[in-house]
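Notes to accompany the following structure.
Read the figures in this text as sums done on the coordinates, not as results from a lab. Fair warning: this is a prediction, and the values are worked out from it, not measured in the lab. Cβ: placed from backbone, ideal geometry, glycine included. Neighbour counts: every protein chain shown.
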Amino acid sequence: MITIHQPEIVRVNGRSRLNAVIIIDNEKKDLWYEVDSEYEKYLCYERSDAFLIAVLQYAMRKQHDIICTAPVTQELLYNVTQHLFPIFCNMDEKWHRPNITATTTSELLENEGAVGTAISCGIDSFHAILNHIDTANDFHPRLTHLVISDIGNYHDYKADDRPQVKENIVVRAKNSAIELKLPIIVSDSNITDAIPGWKQYSYKTAFTIHAMAKLWGVYLFASSYDYSHFHLSNPETTDPLYYDLLAVQCFSVRSLRIYSEAGAFTRIQKTDFISDNPVAHKFLYVCWSKGNNYGVCSKCRRSMLSLYILGKLDHFREVFPVEDFYKNIDSYWDYLGEFVVNKGDLFATEIYNYILRHNGIHAEKAKSVIAKFRAQGRGVKKEQSNQAQSDRLRIQALTSEVESLRNSSSWKITKPLREMSKVLKKIIKK
């Protein structure tokens, strides 16, 4: 059983924190979301919505029912019980359909009608920002705020490196916001430590959005994968980012709409969209490293190769080691071959398909690289096949030698060898 107590606002070190005591199997813990005090008035302590979303995946995976002491928005409860729970439970019988005990309310929660999105300074993030800033379309939400949240984003780094990585990323986001002329909300949460689980990013982000439900009218959730990759084949292993189109719909209510932004576009199309913007030229950040683009990791290689193919790499000399790219360009092409042929990587495959569709100056180079890695793969398979055949012949020879001892005087003392022969025969059959 999971019990979510009434959320409350507490002040910690000059900042404001929306906190709820959560009890999971009699273990009490605090779950909180923290912002600067000027945003305290937007923290939604009146409802359990944010905290309910935070525990949903954990409750399904760990067979828990949920009790909420504060009201839950009726529409949210309908969405998760009638759309989210059934599909997970139908896909995997081990997943539980939680029984949620809560008072519901259909009253619209008043908010400022602000439009927000996260600013990580990655390609998806910059697309969401640049596609919704200074828009002239009445039907197109215009950004009013940017958000950078620590919801476990830095847990992949070594513990000693996390403070510096976080500082680098926050400073970059703040400087970007200054040039974009938009206010930025710097927030923190302990959700990753309080609610353990694999791949909960969509849920954690929705938690932060609903925690500030009295600010947002619209929130743009930058999609990672285009909708052609939407799937939910196995709830236990599928990254929620593959089904964020479903998740954001379930987490939306009439007073707060969450949109999956740019799911209609591939990553290289989004890269093209942002590639002429001067703010992106100064602050684009994609690396797995300690807060800077070193040009070595797969994300750097993918992004730099994409920009090169688009003819825009030189615009990004402030953020990427462009000279190193040109000096070692063959290694970047090899990244494409390895990740398309050997790893089946979605983003690398998108780059390759983009090159083929546009049949530009890089088409022949891309084809030759892919052909090289496919040939290498066939060579490896042939070598492995030859080795397997050789092993089988050796095993057969050893088996024959053991059997030839059957009529000899030493047959009794060779019992261990006979047992070995049985094992070898089983191996041959495999």
Subtracting the Cα-Cα distance from 0.36 nm times the residue separation, let me have the gained length for D334 to R374 in nm, one decimal. 13.2 nm
Hey, what do the phi angles of region 82-93 turn into as Karplus ³J(HN,Hα) couplings, whole Hz, using 6.51/-1.76/1.60 and θ = phi - 60°, x for Gly and Pro? 9, 10, 6, 4, x, 5, 5, 5, 6, 7, 9, 5
Name the residues whose placed amide hydrogens come within less than 5 Å of the amide hydrogen of T101, ignoring near sequence neighbours (fewer than 5 apart) on the same chain. I66, I67, C68
So S106 and K29, fully extended at 0.36 nm per residue minus their Cα-Cα distance, gain in nm 24.8 nm
Per the 1/(1 + (r/R0)^6) rule, R0 = 51 Å and r from the Cβ atoms of Y78 and K174, FRET efficiency to 0.05 is 0.85
Using only alpha carbon pairs under 8 Å that are at least six residues apart, calculate the relative contact order of region 2-261 and give it in whole percent. 23 percent
Separation of region 182-201 and region 16-73 by C-alpha centroid, Å? 12 Å
In region 73-123, the GluC sites (Glu not before Pro) that fall in loop regions by DSSP, at most 16 other Cβ within 10 Å: E93, E107, E110, E112
Inter-site label distance for N99 and D239 at 7 Å from Cα along Cβ, in nm: 3.7 nm
Return, ordered by residue number, the residues of region 273-310 whose backbone nitrogen is under 15 Å from a label point located 7 Å along Cα→Cβ of D161. 286-300
Convert each backbone phi in region 203-215 into a coupling constant with the Karplus relation 6.51 cos²θ - 1.76 cosθ + 1.60 (shift: θ = phi - 60°), then list the ³J(HN,Hα) values in order as whole Hz, x for Gly and Pro. 5, 5, 5, 4, 4, 5, 5, 6, 4, 10, 5, 8, 9
Around I191: net Lys/Arg minus Asp/Glu count, Cβ-Cβ under 12 Å: -3
For the pair S228 and Q249, the simple spin-label estimate (label points 7 Å beyond Cα toward Cβ) gives in nm 2.1 nm
Here region 8-18 yields Karplus 3J(HN,Hα) values (6.51, -1.76, 1.60; θ = phi - 60°; whole Hz; Gly and Pro given as x) of 8, 9, 10, 10, 10, 6, x, 10, 10, 10, 8
